[in-house]
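**Student:** Would you mind keeping the following structure in view while I ask a few things?
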Amino acid sequence: MDKNFPPCETFATLSLSFVVIGGITMAAYSPDTAPFTLSGTLLGIALLVFVINAFLIAKVFHEIKSVFIKVAKWMILVEVIVSGLLFYVFYLDGTRSTSLVILTAFLALFALNIPIIVGYTVAKSQLDNNFARVPTKAE
């Protein structure tokens, strides 16, 4: 097995950091309209890093598929609930129009990056020959 996995968890964390910075910037102005230059730039950078990461994951997906899906599907469920609750809070707070659209995009990237970080890390560790495992009774 190829042990040279791309640093997908690093790219997902980088994308997530741009999402968090952008989300905090947008939330600081809520419910008023935030300046879109900074938040739009941060969203664009986060989306670009996310797309690059998707291509990197696609290269090794056949090797990590089973473990990645087992872990990531539950994390996606959790993050969709969290992002939905955050969206509801912003909506109730009176955030509308372009601000709500940008915040929704930030929340979507947030909900996708965390499962990638956790799922990829677990899958990569499981496939590593040096992974610490619990001995069975036969050993």
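No value in this document is a laboratory result; all are computed from the given coordinates. It should be emphasised that the depicted structure is a prediction, and the values quoted were computed from it without experimental measurement. Note: ideal-geometry Cβ built from the backbone for every residue, glycine included; neighbour counts use all protein chains shown.
**Student:** With only alpha-carbon pairs counted, each pair once and no self-pairs, how large is the Kirkwood hydrodynamic radius of the range 81-131 in angstroms?
**Tutor:** Over the range 81-131, the inverse of the mean reciprocal pair distance is 12.8 Å.
**Student:** Which of the trypsin sites (Lys or Arg not before Pro) across the range 63-129 are loop residues per DSSP, with 16 or fewer other Cβ within 10 Å?
**Tutor:** Arg96
**Student:** Under the definition of Cα pairs under 8 Å and six or more residues apart, what whole-number percent is the relative contact order of the range 8-126?
**Tutor:** It comes to 45 percent, rounded to a whole number.
**Student:** Could I have the simple spin-label model distance between Asn4 and Tyr29, label points 7 Å from Cα toward Cβ, reported in nm to one decimal?
**Tutor:** Roughly 4.5 nm, to one decimal.
**Student:** On a 0 to 90° scale, report how tilted helix 36-92 is relative to the longest principal axis of the chain, with both axes built from alpha carbons and the result rounded to the nearest 10.
**Tutor:** Helix 36-92 sits at roughly 20 degrees to that axis.
**Student:** Round to the nearest 10 and give me the degree value, 0 to 90, for the angle of helix 97-127's Cα axis relative to the longest principal axis of the chain.
**Tutor:** The two axes meet at around 10 degrees.
**Student:** With everything on Cα atoms, drop me the angle between helix 8-29 and the longest principal axis of the chain, reported from 0 to 90° to the nearest 10.
**Tutor:** In the chain, helix 8-29 runs at an angle near 20 degrees to the longest axis.
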